1. List the pairs whose first member sits in segment 85-99 and is part of a helix (DSSP H, G or I), whose second member is of a type in the set (Asp, Glu), and whose Cβ atoms are under 7 Å apart, counting only residues at least 6 apart or on separate chains?
2. Is there a residue being surrounded by 17 or more Cβ atoms within 10 Å (Cβ to Cβ) and under 30 Å from Asp258 (Cα atoms) anywhere in segment 91-111?
3. Taking the residues in segment 84-122 that are basic (Lys, Arg) and within 26 Å of Ile20 (Cβ to Cβ) as candidates, determine which candidate is modelled with the lowest pLDDT.
4. Just to be sure before I move on: is Ser13 crowded, with 16+ Cβ neighbours inside 10 Å and modelled with pLDDT of 80 or more in the structure I sent?
5. Would you be able to tell me the number of residues in segment 188-235 that are basic (Lys, Arg) and modelled with pLDDT of 90 or more?
6. If you check Phe160, Phe126, which single one turns out to be modelled with pLDDT of 95 or more, among the hydrophobic types (A, V, I, L, M, F, W, C) and outside any strand (DSSP E or B)?
7. Which residue pairs have Cβ atoms closer than 7 Å, lie 6 or more positions apart in sequence or on different chains, and pair a first residue in segment 138-161 that is of a type outside the set (Phe, Trp, Tyr) with a second residue that is loosely packed, with under 15 Cβ neighbours inside 10 Å?
8. Kindly indicate whether any position in segment 273-286 is surrounded by fewer than 11 Cβ atoms within 10 Å (Cβ to Cβ), more than 34 Å from the chain's Cα centre (by Cα) and modelled with pLDDT of 85 or more.
Amino acid sequence: MASMRDIKGRITSTKKTKQITKAMQMVSAAKLNRAQNNAQSFLPYTEKIREVVGSIASSETEVSHPMLEERPVKKTGYIVITSDRGLAGGYNASLTRALLNKIKERHKSPDEYGIVVMGRIGRDLFKKRNLPVIQEIIGLSDQPEFNEIKNLAKTTVDMFTDGLFDELYIWYNHFVSPITQEVTETKLLPLTNLTEGTKASTSYEYEPSEQAILERLLPQYAESLIFGALLDAKASEFGARMTAMSAATDNATALIDDLTLVYNRARQAAITQEITEIVGGAAALE
């Protein structure tokens with residue numbers, strides 16, 4: 001049985017751990033609020049580009065672009081968004097597990113796919129398993145700017161345009177609430193559903209031509225989808241971390257209560273033992 005000193009030491013260390021998890025919970029809550037605002041503020045931009053591109057794609061004018069055309073799939077690209085740090089519950093594990101299962105289901109050889117990964121957790125896992133990581137980026141800020149992923153987004157989209165990939169998917173955790181994140185797979189390229197669910201609210205005139213505008217906007221739209229997914233994933237990350245730290249704080253509180261009860265019982269037993277010894281000694285002297 002642990003001594004009173006050991007129990008008191010565990011209580012002290014658990015209290016210090018509780019202070020850390022509580023602080024991390026509060027920091028994550030503040031970052032979550034900013035991340036949600038960033039993700040929501042970016043949506044109108046993406047929706048407007050989609051509206052314009054969809055308007056061109058559905059027009060009677062003959063327009064074409066490699067990003068709009070389906071072709072036989074020889075190689076698939078996966079853009080995977082994970083975090084750089086842990087302590088976020090199942091945020092990374094659920095995403096990578098679902099992706100690995102899907103890859104196993106779809107592909108028979110590593111030559112059939114390639115991975116573009118954001119985040120140290122995913123990068124380390126995929127390299128440890130010798131998966132084909134083609135591009136990587138780590139150390140993104142908590143409130144990322146587009147310039148941080150501009151090169152990665154552009155080169156990844158170019159890989160599809162140049163024929164290295166025949167289709168591109170984005171995998172990330174979609175933010176539903178601070179306690180709920182959904183593993184999401186979105187088909188990025190080819191863009192075959194631009195006119196679905198969208199209705200142009202404005203009549204557009206294009207200068208110099210619809211084809212020229214399409215060639216400029218399509219890559220920009222695809223890159224904006226990647227950045228939008230990153231903003232969504234960041235909100236999910238902070239929600240998951242806040243929830244995990246809240247649970248850790250609650251567990252620390254419960255452990256402190258249990259240890260305090262054990263300590264008080266041990267202390268009471270020690271006092272009773274001392275009183276018994278004193279009474280026994282006094283009785284022996286009579």
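1. Tyr91/Glu237
2. yes
3. Restricting attention to segment 84-122, the residues satisfying the condition of being basic (Lys, Arg) are 85, 97, 102, 104, 106, 108, 120.
Restricting the remaining residues to those that are within 26 Å of Ile20 (Cβ to Cβ) gives 85, 120.
Numbers: Arg85: 92, Arg120: 96.
Once the filter is applied, the top-ranked residue is Arg85.
4. Values: crowded, with 16+ Cβ neighbours inside 10 Å: no; modelled with pLDDT of 80 or more: yes.
Here the answer is no, as Ser13 does not meet what is asked.
5. Step one: of segment 188-235, the residues basic (Lys, Arg) are 199, 216, 234.
Right, trim to modelled with pLDDT of 90 or more and you get 234.
Selection size over segment 188-235: 1.
6. Only one candidate qualifies: Phe126.
7. As it stands, the answer is Gln143/Arg34; Glu148/Ser141; Thr161/Pro66, since those pairs meet every condition given.
8. Going through segment 273-286, the residues surrounded by fewer than 11 Cβ atoms within 10 Å (Cβ to Cβ) turn out to be 273-286.
Those left that are additionally more than 34 Å from the chain's Cα centre (by Cα): 273-286.
With modelled with pLDDT of 85 or more added as a condition, the list becomes none.
Looking through segment 273-286, none of the residues is surrounded by fewer than 11 Cβ atoms within 10 Å (Cβ to Cβ), more than 34 Å from the chain's Cα centre (by Cα) and modelled with pLDDT of 85 or more.
The values are calculated or read from the model by the stated rules, or taken from the named source; none is laboratory data. Treat the numbers as computed from the prediction; the structure is a model and nothing was measured. Glycine also receives a Cβ, built like all others from the backbone with ideal geometry; neighbour counts cover every protein chain displayed.
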